[in-house]
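Here the structure comes first, spelled out in structure tokens, and everything after it is commentary.
Every number here is computed from the coordinates shown, using simple stated rules; none is lab data. Just so it is clear, the model here is predicted, and its values are computed rather than measured. Positions of Cβ are generated from backbone atoms using ideal geometry, with glycine treated the same way; all protein chains shown enter the neighbour counts.
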Amino acid sequence: MDVAAPGAPEQAISHLSERGLVPDLLVNNAGRGDYSPFLDADPVRLHEMIDLNSRALLDWTHTFLRGMVSRGRGSVIQVASGIVFVPAPKMATYAASKAFVHALGEALPFELKGTGVRYLTLYPGATKSEFFLGAGMTPPPSAVPARQVAREGLRALARGKSRHVVGAMNRFGIRIMPLLPRAVVASIAAKMTQ
Ligand SMILES: NC(=O)c1ccc[n+]([C@@H]2O[C@H](COP(=O)([O-])OP(=O)(O)OC[C@H]3O[C@@H](n4cnc5c(N)ncnc54)[C@H](OP(=O)(O)O)[C@@H]3O)[C@@H](O)[C@H]2O)c1
């Protein structure tokens, strides 16, 4: 289904309940990117991207969490992106749409304490998928298999973590980045996404 269509999460819940199924895990993974200088970007495309990456994720989370909290169990994995930790020239709107997911993840695990519901925000770095094609980019050689993202995410969720950055190199990079001047980080990021 089109997860960004109006009423999509409610429709999914009713399909599940017709089959006697109860959702234990919601993974908000559907997302798309855009790679272009801000002023050259097509506003319609940007709106659609924000609608999918941020608004639809919010609606699915809101709808599914209510049932999970009332049952006292369930898990949510939000697929954000490591891009939220760096300035992202030519990907500013994509990064902003994922910063929304990051901000939800900073707060919701606290609100959910004691409810029995787990909430993980996952931060993949470059991953081998159709994403780069869709965003008009070439994947970097450092891109990891999607299977690794899924495996690390599920493992972090099982350990009760509320956030996880995929890949040891990415975790290292995010730790040292605050030590560098922001302009230097921005120019490195711009070179990496060329
Ligand atoms: N690849 C990376 O380097 C990378 C890095 C960081 C974060 N991420 C994030 O990881 C997530 C997965 O991306 P990916 O790399 O696997 O990209 P992908 O290969 O382009 O896959 C995107 C998936 O989202 C689905 N989708 C898009 N719009 C949808 C809609 N309106 N309704 C239902 N499904 C929809 C697509 O389905 P169809 O094929 O049917 O269109 C596809 O299965 C995204 O949130 C992305 O932002 C990716």
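Tabulated results
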| quantity | calculated |
| --- | --- |
| Cα gyration tensor category, rounded, prolate or oblate, for region 118-164 with a/c compared to 1.5 | prolate |
| Cβ-placed point charges (K, R +1; D, E -1), dipole of region 24-192 about Cα centre in debye, nearest 20 | 760 |
| Amide proton proximity set for K128, modelled H, under 5 Å, gap of 5+ | V144, A146 |
| Built amide H within the under 5 Å cut-off of R118, gap 5+ | G74, S75, V76 |
| The chain, helix-only ellipticity at 222 nm - DSSP H runs n ≥ 4, -39,500 (n - 2.57), divided by all residues, nearest 500 | -14500 deg cm²/dmol |
| Residue exposure sequence - I50, I83 - by fewest surrounding Cβ within 10 Å | I50, I83 |
| Cross-link partners of K98 among lysines (Cα-Cα below 20 Å; sequence separation of 8 or more within a chain) | K90, K128, K161 |
| Centre separation in Å (Cα based) which lies between region 169-194 and region 87-131 | 18 |
| Within region 1-98, trypsin sites (Lys or Arg not before Pro) in DSSP loop having at most 14 other beta-carbon neighbours inside 10 Å | R19, R73 |
